[in-house]
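Below you'll find the structure, written out as structure tokens, and then a few comments.
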Amino acid sequence: MDLKDFVSQALCDIIGGVKKAQEETSTGTICPNGLETEDAIKAAISTITTVDFQVTVRTEEHAGSAAKLSVVTAIIGGSIKGESGTNSGNAATLSFRIPVRLPTSAKQ
């Protein structure tokens, strides 16, 4: 999987998972409105979070085309995803953080 597709899919899955959980829960509230108050921010409670990635990528070069990065293994929040098989190319590990604003619940 290309790196850009992997990152895009992971972020969409996280946001989609939060939205789905909000719709399916009958008690409690997931990411309630009102978390942007000064007190909430001081307590490190916010709808803004970061998603930390540690991804091993491999460059794939094909004659006559630009090289692209493919995900070999990834760690997101402690889970490891991987790909088996062997291909030629150089591998490198990238670590990066992406800020995300989680959707808030309509429930109060």
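The values are calculated or read from the model by the stated rules, or taken from the named source; none is laboratory data. Only a predicted model underlies this, so the values are computations on that prediction, with no experimental measurement involved. Cβ sites come from the backbone with ideal geometry, for glycine too, and all protein chains shown count toward neighbours.
Couple of notes before you dig in:
- Residues satisfying the stated conditions in the stretch 8-43, i.e. of a type in the set (S, T, N, Q) and farther than 13 Å from residue 107 by Cα: 8, 9, 37
- Taken together, the criteria place residue 49 among residues that are closer than 25 Å to residue 94 by Cβ and among the hydroxyl-bearing types (Ser, Thr, Tyr).
- Residues of the stretch 44-59 classified as assigned to a loop (DSSP other than H, G, I, E, B) and not polar (S, T, N, Q), total: 2
- Flag for residue 18 being within 25 Å of residue 96 (Cβ to Cβ), surrounded by 13 or more Cβ atoms within 10 Å (Cβ to Cβ), without any contact (Cβ under 8 Å) to a residue 60 or more places away in the chain and in contact with a Leu (Cβ under 9 Å, 6 or more places away or on another chain): no
- When residue 72 is tested against (1) at pLDDT 85 or above; (2) surrounded by 13 or more Cβ atoms within 10 Å (Cβ to Cβ), exactly one condition is not met: (1).
- Screening the candidates 41, 30 for the property of being assigned to a loop (DSSP other than H, G, I, E, B), of a type in the set (Val, Ile, Thr) and more than 12 Å from the chain's Cα centre (by Cα) yields one hit, 30.
- When residues of the stretch 44-62 are limited to those that are aliphatic (A, V, I, L, M) and over 19 Å from residue 105 (Cα atoms), the one modelled with the highest pLDDT: 51
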